[in-house]
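In what follows, a single structure is set out as structure tokens and then discussed.
The values are calculated or read from the model by the stated rules, or taken from the named source; none is laboratory data. Every value quoted in this text rests on a predicted model; they were computed, and no experiment measured them. As a convention, Cβ positions derive from the backbone with ideal geometry for all residues, glycine included, and neighbour counts pool all protein chains shown. Heavy atoms of the whole protein, side chains included, go into the accessibility calculation; ligands, DNA and RNA do not. Shrake-Rupley method; radii C 1.70, N 1.55, O 1.52, S 1.80 Å.
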Amino acid sequence: MDAEAQDRFREFVEHRSSALLKTAVLLSGGDRHTAEDLLQNALIKAAGRWHRIDEPEAYVRQILYRQQISRWRLKWPRRELSVAEPPEARAGPDSSSEADLRLLMRGALARLSARQRTVLVLRYFEDLPEADVARILGCSVGTVRSTTHRSLARLRTLAPELTALGRADAAYSSSARDHSSVEVRP
């Protein structure tokens with residue numbers, strides 16, 4: 001890789017690695033160490049072909065998705081350590097209710113299979129249409145739909161609090177919409 005390509009690669013990593021790491025964390029079920037490994041391997045693969053890549057972020061994301069697919073297709077799954085309580089999260093600028101929601105979602109996603117987690121991340125975090133998810137995963141659109149349906153059902157079972165939260169958000173949105181459409185006459 002020449003000096004100009006190295007500079008472009010470093011700039012890409014500097015500007016996009018945090019967004020790519022978020023995707024990797026979701027794909028890995030909230031395991032930050034696995035996500036860092038996933039992203040690092042993807043960046044290594046991209047660096048080797050950097051001069052031939054037209055859309056670097058799309059290319060790296062594709063590598064992330066395919067590596068995750070390879071992980072769940074392993075004949076012998078890696079051993080995971082299950083704990084009763086999630087580790088303490090770092091205190092940040094967000095409120096405790098947002099942090100609780102993140103921990104709840106992370107815990108529920110971690111208990112899904114890698115395939116279910118990947119489909120949900122692609123559909124809802126990456127906001128990809130079913131056809132694109134099917135193309136990335138190498139399956140049919142019907143498989144994506146059924147996996148999405150089963151994954152959401154499993155997520156609702158694992159974290160019923162999320163279902164209640166969704167109803168509250170829908171009620172709030174509906175109520176706000178109703179009030180905004182009221183016409184006031186003098």
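Could you say which residue among 150, 145, 106 is within 22 Å of residue 67 (Cα to Cα), open to solvent by 50 Å² or more (accessible area, probe 1.4 Å), modelled with pLDDT of 85 or more and assigned to a helix (DSSP H, G or I)?
On the way: 150 fails: within 22 Å of residue 67 (Cα to Cα); 106 fails: modelled with pLDDT of 85 or more.
That would be 145, the only listed residue that is within 22 Å of residue 67 (Cα to Cα), open to solvent by 50 Å² or more (accessible area, probe 1.4 Å), modelled with pLDDT of 85 or more and assigned to a helix (DSSP H, G or I).
Tell me, yes or no, whether the stretch 1-13 has at least one residue that is farther than 20 Å from residue 107 by Cα, touching an Asp or Glu at 6+ places or on another chain (Cβ under 8 Å) and either part of a loop (DSSP other than H, G, I, E, B) or modelled with pLDDT of 90 or more (or both). Give the steps one after another, and end with the answer.
Going residue by residue through the stretch 1-13, those that are farther than 20 Å from residue 107 by Cα are 1-13.
Imposing the further condition that a residue be touching an Asp or Glu at 6+ places or on another chain (Cβ under 8 Å) reduces the set to 12.
Then keep just the ones that are either part of a loop (DSSP other than H, G, I, E, B) or modelled with pLDDT of 90 or more (or both); that gives 12.
For the stretch 1-13, residues farther than 20 Å from residue 107 by Cα, touching an Asp or Glu at 6+ places or on another chain (Cβ under 8 Å) and either part of a loop (DSSP other than H, G, I, E, B) or modelled with pLDDT of 90 or more (or both): present.
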Filter result for residue 115 (of a type in the set (Lys, Arg), within 14 Å of the chain's Cα centre (by Cα) and modelled with pLDDT of 85 or more): yes
Near pairs, Cβ below 6 angstrom, 6+ apart or cross-chain, from the stretch 100-128 (closer than 16 Å to residue 38 by Cβ and touching a residue at least 24 places away in the same chain (Cβ under 8 Å)) to any residue that is open to solvent by less than 20 Å² (accessible area, probe 1.4 Å) and among the β-branched types (Val, Ile, Thr): 122/133
Output for the stretch 134-147, where each listed residue is farther than 16 Å from residue 57 by Cα and in contact with a Phe, Trp or Tyr (Cβ under 9 Å, 6 or more places away or on another chain): 137
Number of positions in the stretch 22-60 that are in a helix (DSSP H, G or I), open to solvent by less than 30 Å² (accessible area, probe 1.4 Å), closer than 30 Å to residue 85 by Cα and not polar (S, T, N, Q): 6
Some residue of the stretch 59-74 being modelled with pLDDT of 90 or more, within 15 Å of the chain's Cα centre (by Cα) and either small (Gly, Ala, Ser) or more than 24 Å from residue 125 (Cα to Cα) (or both): no
